[in-house]
Amino acid sequence: TCIVVLLPVLDFFCSSRSSCKPFRFTFIAVGKSAGYAIACALGWDSPGCKRNNDTRYDDLLLPKYTTKWFHAGLYDCFEDSAYYMFIVRNPLDRAISAFNYEKPLDNDWERMKRKHGKEYYHYRKELYLDCFDTIEQLAQDGLAKQNGKDRTLCEHRAETAIDGSGRFGNQLFFNFQWHLEAVPKGARIMTIRTEHLVEDWNSAEYIVGDGKNKEALGKNQTFIPHTNVNTYTAEKNKEVSDESSVLLCERLCNEIQVYKHILKVSINLSEDQVQQSIDELAVSCPIEAESTSCNTPLPDITDKLFAKRGYDEGARLDSFTGEIVVGRSHM
């Protein structure tokens, strides 16, 4: 989701750049991370938004200056945005939510095909109908090591679905790595964490407002309403066993490292806030939360960026360096 913001209070930022005016602010909504909740708060016409004052904050700076977004394959933002703001979530929780979200309402696959078309249906059929009905089944039958045995097609699909290198829908495919590598090298990043929406919205407003308001949403504001919530997946299918969590975390290792990187470079998050999110992650993925490397290399998504981001020769110009940059620019 791209937020374009004109920020006259940030003149100090232009001292090292000649292309800073007008200021532009880009909001990046990674799927299943409460992006629609923030979109509603910004006043956008997004799924589940209520047209009343308890879900939107028109008098604040972020809604005032928001005009565009970057989400999944939609990238219509300026390449020289002053700031890029991510909406992120615990990677394991996001992966479980993403897996369940792609399945059709009432498991009606024929209705999905009629509504969205054969290509949309085909991507999902390969993972769900042909291989795994639940995320627990995917972990146990698709990610568990089978010593001495060649990996089956479904096992390969499980691995590539979780790490985002294979496409079986949109939510897992357009992951943290995708969104980070799609923005220009050297981008200044702010972050809103799903688990701390109000706290992080306020910190972003504080920076945008030149340090004038630490509680932009109000002293008594404790939550931002969630929207577009999956209410049709059975609760038992949203849960995974401890053993499956270990398997999923291991396959999500690179994605977890990207997630931690986004947190650490976010200028609106303190060291304590970053550590808070890593500690929260460690409850479910202790090894990956602590480690700084993985058993498998970070996927090379250069071709994926070319095919899906919507590059053209002008749009690929990195205004920070003057170079044409495609992928693998931030880690």
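Just the residues that are open to solvent by less than 30 Å² (accessible area, probe 1.4 Å), within 17 Å of the chain's Cα centre (by Cα) and modelled with pLDDT of 70 or more, please, taken from the range 41-73. Passing the criteria: 70, 72. Taken as a whole, the range 91-107 holds no residue that is modelled with pLDDT under 90 and touching a His at 6+ places or on another chain (Cβ under 6 Å). Taking (1) without any contact (Cβ under 8 Å) to a residue 24 or more places away in the chain; (2) under 19 Å from residue 172 (Cβ atoms) in turn, residue 247 satisfies each apart from (1). In this structure, does residue 145 turn out to be touching a residue at least 60 places away in the same chain (Cβ under 8 Å) and either part of a loop (DSSP other than H, G, I, E, B) or on the phi > 0 side of the Ramachandran plot (or both)? It is false that residue 145 is touching a residue at least 60 places away in the same chain (Cβ under 8 Å) and either part of a loop (DSSP other than H, G, I, E, B) or on the phi > 0 side of the Ramachandran plot (or both).
Where residues in the range 202-259 are over 20 Å from residue 31 (Cβ atoms), among the β-branched types (Val, Ile, Thr) and at pLDDT 65 or above, which of them is surrounded by the most Cβ atoms within 10 Å (Cβ to Cβ)? Only one residue fits best here, namely 208.
One line per residue, one yes/no per condition, for (1) open to solvent by 30 Å² or more (accessible area, probe 1.4 Å); (2) modelled with pLDDT of 95 or more; (3) touching a strand residue (DSSP E or B) at 6+ places or on another chain (Cβ under 6 Å); (4) of a type in the set (Val, Ile, Thr):
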| position | (1), (2), (3), (4) |
| --- | --- |
| 83 | no, no, yes, no |
| 87 | no, no, yes, yes |
| 111 | yes, no, no, no |
| 120 | yes, no, no, no |
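Candidates in the range 128-156 are the residues that are surrounded by 14 or more Cβ atoms within 10 Å (Cβ to Cβ) and among the acidic types (Asp, Glu); of these, the one that is nearest to residue 32 (Cα to Cα) is 136.
Scanning the range 157-183 for residues that are crowded, with 21+ Cβ neighbours inside 10 Å, assigned to a loop (DSSP other than H, G, I, E, B) and in contact with a Pro (Cβ under 8 Å, 6 or more places away or on another chain) gives a single hit, 164. Would you confirm, using the coordinates I've provided, whether residue 104 is within 27 Å of residue 39 (Cβ to Cβ) and either surrounded by fewer than 16 Cβ atoms within 10 Å (Cβ to Cβ) or touching a residue at least 24 places away in the same chain (Cβ under 8 Å) (or both)? Against the criterion (within 27 Å of residue 39 (Cβ to Cβ) and either surrounded by fewer than 16 Cβ atoms within 10 Å (Cβ to Cβ) or touching a residue at least 24 places away in the same chain (Cβ under 8 Å) (or both)), residue 104 does not qualify. In the range 288-300 there is at least one residue that is crowded, with 20+ Cβ neighbours inside 10 Å, within 19 Å of the chain's Cα centre (by Cα) and at pLDDT 95 or above.
Only a single item in (1) in contact with a Ser or Thr (Cβ under 7 Å, 6 or more places away or on another chain); (2) open to solvent by 50 Å² or more (accessible area, probe 1.4 Å) is not met by residue 115, and it is number (1).
The values are calculated or read from the model by the stated rules, or taken from the named source; none is laboratory data. No experiment lies behind these values; they were computed from the predicted model shown. A quick note on method: Cβ atoms are made from the backbone with ideal geometry, for glycine too, and the neighbour counts reach across all protein chains shown. With ligands, DNA and RNA removed, areas are computed over all heavy atoms of the protein, side chains included. Shrake-Rupley method; radii C 1.70, N 1.55, O 1.52, S 1.80 Å.
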